[in-house]
1. Work out the length of the dipole vector of the chain about its Cα centre, built from +1 on the beta-carbon of each Lys and Arg and -1 on the beta-carbon of each Asp and Glu, and round it to the nearest 20 debye.
2. Can you tell me what the convex hull of the Cα atoms of region 226-285 projects to on average, as an area in nm²?
3. Over region 152-306, what is the mean sequence separation of C-alpha contacts under 8 Å (at least six apart), divided by residue count, expressed as relative contact order in percent?
4. Of G282, G150, G106, which has the largest mean-square fluctuation in a 10 Å C-alpha GNM of the chain?
5. Evaluate the relative contact order of the chain (contact order divided by residue number), counting alpha-carbon pairs under 8 angstrom at least 6 apart; express in whole percent.
6. Starting from the coordinates of the alpha-carbon atoms of the chain, obtain the Kirkwood hydrodynamic radius over all distinct pairs and give the value in Å to one decimal.
7. Using every Cα-Cα pair within region 193-317, state what percent have a distance larger than 17 Å.
8. Convert each backbone phi in region 296-301 into a coupling constant with the Karplus relation 6.51 cos²θ - 1.76 cosθ + 1.60 (shift: θ = phi - 60°), then list the ³J(HN,Hα) values in order as whole Hz, x for Gly and Pro.
Amino acid sequence: MDEFDLIARYFQPLAFAAPGLELGIGDDAAIFTLPPGEALVVTVDTLVEGVHFPVDFPPAAVASRLAAVNLSDLAAMGATPRYATLALTVPRLEPDWLAAFADAFGVALAAAGMSLVGGDTTRGPLTLTLQAMGSVPVGQALTRRGARLGDLVVVSGTLGDARAGLDLALSTPWADADDPLLARFVAPTPRVALGCALRGVARAAIDVSDGLLADLGHIAARSRCGVRVDVGRLPLSAALCARVGLATAREFALAGGDDYELVLAVPPDRLAEAAQRARGAGVSLTVIGEFVAGAGVECHDAGQAFVPAARGYLHFE
């Protein structure tokens with residue numbers, strides 16, 4: 001089997017017909033037309049074995065994470081997923097691995113309504129790069145730069161679960177793995193419906209990938225304001241607290257990363273509307289702080305300054 005056989009066997013079936021797609025897999029590039037009044041939103045993420053997921057991670061889990069991290073970026077922009085390209089580097093051709101990866105990847109793409117329109121394959125250390133493309137009504141995209149003083153810091157779902165799940169992924173035999181925390185790491189849920197629902201309500205947004213404090217810092221920097229986080233209001237799951245205790249759960253929530261929840265700037269007078277729209281998208285919202293004068297992100301607990309052990313993940317630190 002050569003690279004063209006690989007594409008035809010495993011990835012051509014993922015190139016389902018999609019609105020606006022004029023030419024997909026099979027040429028040097030894809031051609032598509034956006035719906036009238038829509039702007040193109042493009043993101044790309046690379047996953048490297050041993051860096052972004054453990055060595056010998058199951059192929060279905062690799063596929064689920066690859067799709068989720070890119071879809072989460074689209075969610076943070078309030079974009080509707082449409083198309084994707086995949087650059088796949090594998091050390092050798094293993095039909096069983098490729099079949100399991102392609103099956104899970106296809107399920108994730110189909111669930112998001114995103115068609116695979118092209119890509120590349122090559123030999124080398126296991127590395128996967130997905131470019132995801134979506135669209136958003138012109139002028140309605142959520143960005144990092146819209147927060148204003150007095151806006152509330154609002155986060156979806158619960159935080160810290162994926163960090164505990166990473167520990168399990170590194171230590172748990174996969175045949176015995178059946179844990180909600182592990183599931184949050186293996187197959188995170190991108191909040192695409194929530195991002196779309198909060199267009200026009202939230203002023204700024206980012207997905208929690210590198211850790212809540214690190215990602216909130218990006219909004220603060222782009223919006224030229226500070227952030228005050230109330231550690232006592234962090235949304236923590238019962239499963240997380242039961243496994244690691246409250247103190248560690250808070251640290252995981254603040255800096256663990258890989259949650260792929262959305263953290264947003266919401267005006268106080270739009271909070272009830274935001275919560276209602278979130279319920280329609282099947283997710284809860286929690287107010288954990290506010291945007292204030294100054295710069296950077298500060299943490300407080302019961303009115304006292306709180307100094308976290310870490311602030312998030314940096315690749316080259």
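All of the numbers you see were taken from the coordinates with simple rules; none came from a lab. Everything quoted here is computed from the prediction, not taken from an experiment. Cβ sites come from the backbone with ideal geometry, for glycine too, and all protein chains shown count toward neighbours.
1. It works out to roughly 1220 debye.
2. About 5.1 nm², averaged over all directions.
3. Answer for region 152-306 is 44 percent.
4. Greatest mean-square fluctuation among the candidates belongs to G282.
5. RCO, the chain: 22 percent.
6. Values: mean 1/r = 0.0494 Å⁻¹.
Result for the chain, one decimal place: 20.3 Å.
7. Values: 4558 of 7750 pairs.
Result: 59 percent of Cα pairs exceed 17 Å.
8. Result, ordered by residue: x, 10, 10, 10, 9, 9 Hz.
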